[in-house]
Amino acid sequence: MRFNTLAVTATVLALSLGAPSALAKGTDGPAHGLAMHGELKYPADFAHFDYVNPDAPKGGTVVRDATGTYDSLNPFIIRGNAAIGSALIYDTLTTSSLDEAFSQYCLLCETMEVPDDRSWVEFTLREDARWHDGVAITVDDVIFSYNILQEQGAPFYRFYYSDVASVSQTGPNKVRFDFGDAQNPELPLIMGQLTVLPKHYWEERDFTKTTLEPPLGSGPYRVGAVAPGRSITYERVEDYWGADHPTNVGQNNFDTQRFDYFRDRTVAREAFKGGNTDIWNENSSSQWATAFDVPPVRDGRILKSVFPHQRVAGMQGYVFNLRRPQFQDRKVREAIGFAFDFDWLNKNISYGLLTRTDSYFDNSELGSRGLLADAGEEEREILERFRGRVPAEVFTEEFKPPVTDGSGVRGIRGNLRKARTILEEAGWVVEDGALVNGKSGEPLVLEMLLRSPRAERAALAFARNLERLGIKMNVRIVDSSQYQSRVESFDFDMVIMGFGQSFSPGNEQRSYWGSAAADQTGSRNAIGIKDPVIDELVEMVINAPDRDSLVQRTRALDRVLLWGHYLVPQFHVGEDRYAHWDKFSWPETLSIRGTSPTLWWIDEDKETALAARRASR
């Protein structure tokens with residue numbers, strides 16, 4: 001079959017992380033932004049980011065897909081299913097650039113000031129920033145937002161802001177966050193990411209309840225038509241206060257963005273090919289290779305575009321719930337991992353397009369590599385402190401997921417033999433074809449909870465291999481609402497979950513792996529990790545004084561997480577794959593993070609030509 005595939009050859013900017021020894025420092029007075037380490041790329045008088053087209057035309061409607069359903073327009077609480085894109089209507093104090101590791105530039109603030117010890121941050125708000133109802137955004141709004149997110153928002157906020165000692169108004173347009181004795185150099189940037197909510201709107205409403213009333217915002221879009229469970233529409237705000245702000249120039253180019261909801265991605269993909277939506281982001285390698293042999297692709301009305309990126313891959317895997325007694329033993333978790341045949345999956349289902357993930361910070365310098373003996377001095381010294389409290393393999397082996405020749409039953413035999421040996425050492429025996437605990441006699445029975453039929457084929461192959469070990473794994477697909485509810489309440493044995501990472505790991509690691517997060521309903525620590533060593537390593541990452549130290553400390557954390565066998569690693573790809581109807585254009589220069597439709601625009605000539613081709617068929 002013939003694909004009209006558009007290979008994107010635009011330049012991907014090189015990642016500039018500043019001088020290796022650059023310490024986290026302050027702003028030397030009020031400034032337009034702050035870098036985590038080193039210097040800001042963009043000066044105070046910059047006109048726009050390098051990866052946008054400042055002359056991109058505004059206009060038109062883009063229709064995209066969403067899966068499942070929604071029953072709320074409040075994305076800040078765990079109750080309900082928030083509509084996709086519901087944060088589009090809000091602005092934050094600062095915003096990040098996509099071509100730096102971690103830098104924040106003032107948006108709602110005019111300036112920010114941080115001392116060299118980063119013990120506080122003070123924001124001076126812009127006087128021209130407005131809510132969509134014309135009311136000025138004030139310090140009261142900022143303080144209200146921080147307090148309500150801490151007190152009534154999702155658990156994530158309590159962990160993310162846990163080192164903030166106080167917030168206060170220090171002038172007519174000034175708000176200051178003090179961090180007390182906390183040694184947390186990332187906090188000034190984190191507080192800049194605070195979503196500011198309108199006090200005069202929310203103080204008359206119950207923030208803890210779901211709502212389908214379009215909330216008041218301040219951002220480039222407002223909520224338009226609301227059709228619960230079917231679609232959600234966002235309309236560009238004509239008099240948006242920040243339209244000409246340098247961090248917004250060249251972005252938010254569509255007049256209308258509509259998201260149509262579908263039962264699952266298979267249905268949504270067919271809807272796209274039928275012309276019901278405009279852009280399709282394909283995350284399945286097998287579907288990318290096989291699902292687009294359709295007339296609109298063959299005749300060029302639909303283009304397949306590949307955008308390279310240098311994003312940190314993070315980790316996606318089959319996650320164990322350590323709250324279940326069968327997963328308390330690390331050896332049991334390790335043995336189960338030997339039954340996942342990635343090489344067969346990649347060869348027979350995914351056309352060899354996947355890369356096996358072997359780090360929680362894969363595709364970056366942050367991931368651990370090789371033997372610890374060959375690692376950096378700081379990484380070795382850190383882990384030596386924990387000798388006897390972390391798996392012995394940390395010091396003697398390089399972590400590598402099991403491999404096979406991809407042939408299936410024959411190819412995985414060796415790995416299953418290793419798994420049997422590990423299970424026997426852990427006290428499990430096979431009786432009448434079932435693996436049972438040698439002491440209690442309880443069989444090892446698992447449930448793999450899925451929300452997408454697309455993941456079923458690989459999960460069933462995994463289950464067949466486990467069955468050869470005497471382990472029964474039931475694969476169950478549930479709707480998105482039930483899935484979300486069960487994951488948030490930790491009512492599962494195993495699920496597929498991803499842990500996204502940035503170029504600059506920090507406070508979010510507490511919510512991923514921290515002991516305090518393990519018992520918080522709705523937290524990101526779905527695994528249920530409670531390990532004092534990991535808690536200490538997370539704090540070391542957060543308090544890294546410079547980029548070199550951050551890399552070394554993150555590698556140490558990565559190594560301990562990997563050898564904990566808290567999940568079975570899956571895979572990642574180093575590019576974004578978009579299929580789209582041929583009416584869009586995008587900037588020639590890509591950032592290190594690739595592309596995003598927020599940077600695209602509707603090309604009037606292409607749209608006219610596409611309409612003519614559609615009409616002629």
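Points worth noting:
- Number of positions in the stretch 341-396 that are at pLDDT 95 or above, in a loop (DSSP other than H, G, I, E, B) and under 26 Å from residue 574 (Cβ atoms): 13
- Residue selected from the stretch 243-272 under the condition over 22 Å from the mean Cα position of the chain (by Cα), closer than 22 Å to residue 595 by Cβ and of a type in the set (Gly, Ala, Ser), by the criterion surrounded by the fewest Cβ atoms within 10 Å (Cβ to Cβ): 243
- Matching residues in the stretch 129-153 - criterion: being assigned to a strand (DSSP E or B) and among the small types (Gly, Ala, Ser): 136
- Any hit, the stretch 580-603, residues being at pLDDT 95 or above, in contact with a helix residue (DSSP H, G or I) (Cβ under 9 Å, 6 or more places away or on another chain) and aliphatic (A, V, I, L, M): no
- Number of positions in the stretch 578-617 that are within 23 Å of the chain's Cα centre (by Cα), of a type in the set (Ser, Thr, Tyr) and assigned to a strand (DSSP E or B): 2
- In the stretch 401-439, residue surrounded by the fewest Cβ atoms within 10 Å (Cβ to Cβ) [restricted to those that are part of a strand (DSSP E or B) and not aromatic (Phe, Trp, Tyr)]: 431
- Which numbered condition residue 288 fails, given (1) closer than 30 Å to residue 548 by Cβ; (2) buried (at least 17 other Cβ atoms within 10 Å of the Cβ): (1)
- Neighbours by Cβ (under 7 Å, 6+ apart or cross-chain): first from the stretch 363-374, farther than 18 Å from residue 390 by Cβ; second among the polar types (S, T, N, Q) and not in a loop (DSSP other than H, G, I, E, B): 366/554
- The stretch 160-183, residues that are at pLDDT 95 or above and of a type in the set (Ser, Thr, Tyr): 166, 168, 170
- Tabulated pairs, the stretch 276-288, first under 24 Å from residue 230 (Cα atoms), second of a type in the set (Asp, Glu) and buried (at least 17 other Cβ atoms within 10 Å of the Cβ), C-beta under 8 angstrom, 6+ apart or interchain: 276/260; 277/65; 277/260; 280/65; 281/576
- In the stretch 479-528, of all residues being touching a Ser or Thr at 6+ places or on another chain (Cβ under 7 Å), under 25 Å from residue 455 (Cβ atoms) and not small (Gly, Ala, Ser), the one that is surrounded by the most Cβ atoms within 10 Å (Cβ to Cβ) corresponds to 525.
- Filtering the stretch 450-466 to residues that are of a type outside the set (S, T, N, Q), under 13 Å from residue 340 (Cα atoms) and surrounded by 17 or more Cβ atoms within 10 Å (Cβ to Cβ) leaves 458, 459, 461, 462, 463, 466.
- In a residue-by-residue description of the stretch 82-91, the property of being aliphatic (A, V, I, L, M), more than 18 Å from the chain's Cα centre (by Cα) and in a loop (DSSP other than H, G, I, E, B) applies to at least one position.
The values are calculated or read from the model by the stated rules, or taken from the named source; none is laboratory data. Every value quoted in this text rests on a predicted model; they were computed, and no experiment measured them. A quick note on method: Cβ atoms are made from the backbone with ideal geometry, for glycine too, and the neighbour counts reach across all protein chains shown.
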